[in-house]
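Note sheet for the following structure.
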Amino acid sequence: MKVFTPGFRKTWLGAGAGMLALLGGFYLALNYAAHPEPKWQNGESWTVQVEQRADHLMTNDPPWITINNLEMQIIQNSSGPDGTWCVEIHDLDGRDLFPGVQKLQVYYSDDFAIVGGHAVTQNSQTAWEIQEFWDYSLYGRDFFEINPETTKIKRLLSRNPESVILNEEKGRTCTWEKNQSWWTNYQSDNPPLRATLYQDQ
Amino acid sequence: MKHVLIKPATAILGVLIFTSLICLSFFIFHEEPAAVPVQVNNDLRFRGEAKTPPWSGWWWPFHISLPNHLYDPRGPMDKYDSLSVAQGLSNPGTRAWERENHFANQPGQEWYGHCNGWAAASILEPEPRKTQTIDRISFNPQDIKGLLSEWHWWDPAISYYGTRYDGPANNINDINPQEFHQAIINFIGKKGLPIIMDISGGTQEINNPQIWNYPAYQYQMEYSPEVNNPERIHVRCQIWLASSTQPDYLGTAPMLKTYYYWISKDTLQPTAGGWEKSNAGSWDTFGDSQKDHPDFLWYPAPSAQHQLLQRKQIDQIVSGGGSR
C-alpha cells in the first residue's frame, strides 16, 4: 500500500525547500548579527597592555612583566592599494616594538583584511615591510588580525565573548566581544605573552 | 627489393639539421636551475659581528654558598644604601631587599642569579671602567656592574625566539635550528646587535632545567650540502659569547660555542635569501648538538623602573656626577 501519493510528495518537497530557504535566511541573519565586526571611525583609538612571562629570568618562578603599552589609532584612507583603514601602533612610554622599531602602520581593507604595512623607526624611516616584522618580532600577524576565517562558525553559536584559536601550535588564542573594535584579550604560549584591551570611552 | 640510396652529403646535412633542432629545443625548453640571488649582505651567511661587543662580568648568584653577592656587606647594594644616607636621604634598604628577595640556600638553587641582568646590561650599557667616588663612597667598576645587573634583571625581552624548557610538558628540542640560524644572522649580522642566548638547552637539561644567559656577539658558519639531498645543508656554527668572569674583570672575555645542525632550503621563498629563510631543520647528533644547544634567544628592552633602585642615582654613580 502506498502511503504517499505523487501530489502529497510534491507538497512535502515544496515545504522542505521552503524550510531550507528559511533556514538559510535565518543562518545569514544570525551570522550577520553574531558576527562581531568592528565599527571603526577615523581618529578612534584604544590601548592594549602587553605583558610577558619573563622566562629569560634566572629564577624558577618567572614573573609577568609589562613589555608594551600599545596605543592603536585608526586613520581612514580613501580606498586604494593601501586599504581603507590604517592602524598606527606605538608604545605610550616610548619603548621599542623591536630594536629600532618605534611604530607600526598596518593597512586593512574595507572588510578588515590585512593588506600590508610597515615597521617604522624613530626617524619615520621604514625599517621593514610588515611581514618581515612579523617574522622576527614578538608580535605575529595573528596579533593584528580582525576577522580570522576560522572563527565564523564559532561565532554563530554564541553571542557571549568568544575564545578563538589563532595558532594551535604556538598556543595563541584571543577573545572577541561583540561590537568591540579589537579583541579584548590575547594569550600566547610562544612567545609567552598576554594582552588586554583598554577601549577609550 | 628496392634500396633507397642516400648521398653522404645529404646524410651529413640531415644529421646537422637534427642536431641543431635538438640543441635549439634544449635552449628553448631547458629551465636553468634557480640561482640564489646575489645580495649585498650575502657574506653575512658566513660570518658576522656586532658593532659593539658586550662586556664580561660576574653573574651575582643568589645562593649563599656562591660569593660574590649583591647583598654582601660592603657590596654594591650596601654602598648604594650608604650613598643615599650620605646624601641626606632615608636608607632605601636595597641590601635588605636583595637579601630577602634574591637569596637562596637550598640544594638545586645554585643556578639562581643575575646572568640575565648582567647579559642585558652588557648589551645596553657602556662598560663601567672607572672607580667613581661620590660623597666619600667609592664604587669600583664591579660595584657599578653589580648595580646595573640588578637594574636590568627586570628587563623584558623585546625579541624572543624558542621557548624555555621547564619540564616534560615543554619542548626539549627547541629552539629550532632554522629559527636560531635566522635570529643570529638577523641580529648579529644584519643589525650588528648582540643577542642573548640561554645556552643550557637540549637533552642535557631533561632532568635539570636551568637558565644560563650569555650575550653572543660574533658568528662564523660553514656549510656542507648533503650528498643525497641537495635541499638539505649541514651547518657548523661557531658563536662567540662574552663569558662570565671574576667581578673585577674589564673587557670582553670570549667563550666559544660550536653547534651542528642541518637546515632545509625554503622552496616557497626561493628569492628570499635561500638558507636564511629555511623552514625546517634539526640539531645534528654530530658534535652532540642534540644534547647541548641553545634553549632560547632574546634581546632586552631597558626596564623603566625598579622596586627600590632609582635610575637617577644609578646614573649619578655611573657618571661620577657630584663627586667630591
If Lys and Arg each add +1 and Asp and Glu each add -1, what is the summed charge of the other residues whose beta carbon sits under 10 Å from the beta carbon of A:Val120?
0
Just checking the output field for A:59-70: average partner chain Cβ neighbours within 10 Å of each residue's Cβ?
4
Using amide H atoms built 1.01 Å from N in the peptide plane, name the residues 5+ places from A:Leu166, or on other chains, whose amide H lies under 5 Å from its own.
A:Arg172, A:Thr173, A:Cys174
Under a 5 Å amide H to amide H cut-off, with H placed in plane at 1.01 Å, what residues pair with A:Trp128 once short-range neighbours are removed?
A:Ala119
Sequence gap at least 6, Cα distance under 8 Å: using those rules, report the relative contact order of segment B:87-157 to the nearest whole percent.
35
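Give me the net charge for the shell around B:Asp248: Cβ to Cβ below 12 angstrom, other residues only, Lys and Arg +1, Asp and Glu -1.
+1
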Ranked on Cβ counts within 10 Å of their own Cβ, fewest leading, B:Ile196, B:Ile158, A:Ile75 go A:Ile75, B:Ile158, B:Ile196
Separation between the A:Gln41 and B:Ala169 pseudo-spin-labels, each 7 Å from Cα along Cα→Cβ, expressed in nm?
4.4
Sorted from fewest to most neighbouring beta carbons within 10 Å, what does the list A:Met58, B:Met197 look like?
A:Met58, B:Met197
Local electrostatic count at A:Trp182 - Lys and Arg +1, Asp and Glu -1, tallied over other residues with Cβ under 11 Å:
-3
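Given B:Lys51/B:Lys312; A:Lys103/A:Lys170; A:Lys170/B:Lys291; B:Lys145/B:Lys312; B:Lys191/B:Lys291; B:Lys190/B:Lys257, which pairs have Cα atoms separated by over 19 Å?
On the way: B:Lys51/B:Lys312 28 Å; A:Lys103/A:Lys170 25 Å; A:Lys170/B:Lys291 24 Å; B:Lys145/B:Lys312 16 Å; B:Lys191/B:Lys291 30 Å; B:Lys190/B:Lys257 21 Å.
Beyond 19 Å between Cα atoms: B:Lys51/B:Lys312; A:Lys103/A:Lys170; A:Lys170/B:Lys291; B:Lys191/B:Lys291; B:Lys190/B:Lys257.
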Using the number of other C-beta atoms within 10 angstrom as an exposure proxy, rank B:Cys237, B:Cys115 with the fewest first.
B:Cys237, B:Cys115
Using θ = phi - 60° and the Karplus curve 6.51 cos²θ - 1.76 cosθ + 1.60, what whole-Hz ³J(HN,Hα) does each residue of segment B:285-298 get, with Gly and Pro shown as x?
6, 4, x, 6, 6, 6, 7, 9, 8, x, 8, 7, 10, 7
Using the Karplus curve 6.51 cos²θ - 1.76 cosθ + 1.60 with θ = phi - 60°, work out ³J(HN,Hα) for each residue of segment B:163-178 in order, rounded to whole Hz, and write x for Gly and Pro.
9, 6, 8, 10, x, x, 6, 9, 7, 7, 8, 7, 6, 5, x, 5
Estimated distance in nm for a label pair at A:Gln187 and A:Ala17, the labels positioned 7 Å out from Cα along Cα-to-Cβ:
4.9
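All of the numbers you see were taken from the coordinates with simple rules; none came from a lab. Small disclaimer: the values here were computed from a predicted structure and weren't measured. Note that each Cβ is placed from the backbone with ideal geometry, even for glycine, and that neighbours are counted across all protein chains shown.
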